[in-house]
1. Output yes when any residue across the stretch 134-141 is more than 25 Å from E32 (Cβ to Cβ) and crowded, with 22+ Cβ neighbours inside 10 Å, and no when none is.
2. From the list V51, V26, V67, V16, which one is modelled with pLDDT of 95 or more, out of contact with any Ser or Thr (no Cβ under 7 Å at 6 or more places or on another chain) and more than 16 Å from A155 (Cα to Cα)?
3. For the stretch 94-139, give me each residue that is assigned to a loop (DSSP other than H, G, I, E, B) and in contact with a Phe, Trp or Tyr (Cβ under 8 Å, 6 or more places away or on another chain).
4. Name the pairs: first residue in the stretch 79-103 and closer than 21 Å to A132 by Cβ, second residue assigned to a loop (DSSP other than H, G, I, E, B) and among the small types (G, A, S), Cβ to Cβ under 6 Å, at least 6 apart or on different chains?
5. Tell me yes or no: at least one residue of the stretch 156-178 is at positive phi and not polar (S, T, N, Q).
6. Any chance the stretch 54-72 includes a residue that's surrounded by 15 or more Cβ atoms within 10 Å (Cβ to Cβ) and of a type in the set (K, R)?
7. For the stretch 154-193, give me each residue that is hydroxyl-bearing (S, T, Y) and either crowded, with 18+ Cβ neighbours inside 10 Å or under 13 Å from the mean Cα position of the chain (by Cα) (or both).
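The values are calculated or read from the model by the stated rules, or taken from the named source; none is laboratory data. Every value quoted in this text rests on a predicted model; they were computed, and no experiment measured them. For neighbour counting, all protein chains shown are included, and Cβ atoms are generated from backbone atoms with ideal geometry for every residue, glycine included.
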Amino acid sequence: MIELRGVTKIYDLGGVTVNALAGVDVRVEKGEFVAVMGPSGSGKSTFMSIVGLLDRPTAGSYELNGVDAGKMSRDDMAELRNRALGFVFQGFNLLQRTSAVENVELPMTYAGVHTKERRERALDALAEVGLAERAGHFPNQLSGGQQQRVAIARALVNKPNLILADEPTGNLDTRTSVEVMELFQKLNAERGITLVIVTHEHDISTYAKRRIFFRDGLIESDEKAESPTSPLKADMR
């Protein structure tokens with residue numbers, strides 16, 4: 001599903017050259033659940049931006065579902081991003097003056113989905129994340145965990161085969177973080193959605209089936225869970 005070959009990314013910041021990625025090779029198969037880790041400045045966020053079609057490599061190649069991103073126009077990238085990818089962010093990124101169901105409808109609005117179908121799919125997605133009764137609530141009427149569930153529902157409505165999550169538990173308490181990770185595990189196990197999550201938290205990374213650790217723009221380690229107890233089941237904690 002995801003394949004990076006020799007990917008480098010160089011930024012010129014006011015005459016200072018920053019090598020965010022220094023020749024990275026990564027392959028992620030369909031249905032994997034991957035945690036991406038590393039200290040600040042390690043390259044993990046740049047990696048996610050490239051995988052999410054939000055940025056292009058300086059050199060090297062990136063293929064998503066067999067499509068060479070380097071040969072795509074910006075409009076093509078935006079269309080594929082909307083159709084094939086779901087995004088979940090640390091800060092939820094919900095519109096504060098818009099209800100939960102309307103927030104979930106947003107990606108479908110950009111995709112040109114008809115109003116009636118848009119509402120039905122948004123309500124179904126909210127039900128899937130356990131928020132059917134909160135559809136009409138505004139973000140300031142929801143807890144942090146509920147807001148993140150709305151964000152996850154929004155990521156699901158266009159039926160992506162890949163969800164990218166950037167520090168999805170960073171603003172949540174421990175119990176709520178476990179609930180969110182339980183939901184991710186369920187989506188991965190039951191719907192076969194590929195998940196790639198950036199996290200600073202080792203405990204959160206244990207829910208993934210594979211952990212990739214970045215340092216200085218390179219992959220320092222790439223390991224799969226070795227024992228039947230790993231990844232840990234969120235509902236067992």
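1. No, because not a single residue in the stretch 134-141 is more than 25 Å from E32 (Cβ to Cβ) and crowded, with 22+ Cβ neighbours inside 10 Å.
2. On the way: V51 fails: more than 16 Å from A155 (Cα to Cα); V67 fails: modelled with pLDDT of 95 or more; V16 fails: modelled with pLDDT of 95 or more.
When all the criteria are applied, what remains is V26.
3. Q96, R97, T98, S99 - these are the residues of the stretch 94-139 that are assigned to a loop (DSSP other than H, G, I, E, B) and in contact with a Phe, Trp or Tyr (Cβ under 8 Å, 6 or more places away or on another chain).
4. S99/G136; A100/A135; V101/A135
5. Step one: list which residues in the stretch 156-178 are at positive phi, which gives 159, 167.
With the extra rule that they be not polar (S, T, N, Q), the set shrinks to 159, 167.
Yes, because at least one residue in the stretch 156-178 is at positive phi and not polar (S, T, N, Q).
6. The answer is yes, given that some residue of the stretch 54-72 is surrounded by 15 or more Cβ atoms within 10 Å (Cβ to Cβ) and of a type in the set (K, R).
7. From the stretch 154-193, those hydroxyl-bearing (S, T, Y) are 169, 174, 176-177; that's our starting set.
Passing the criteria: T169, S177.
Residues are listed down the side, and each one gets a yes or a no for (1) of a type in the set (G, A, S); (2) in contact (Cβ under 8 Å) with a residue 12 or more places away in the chain; (3) touching a Gly at 6+ places or on another chain (Cβ under 9 Å):
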| residue | (1), (2), (3) |
| --- | --- |
| V18 | no, no, yes |
| V24 | no, yes, yes |
| K30 | no, yes, yes |
| G52 | yes, yes, no |
| G70 | yes, yes, yes |
| S73 | yes, no, no |
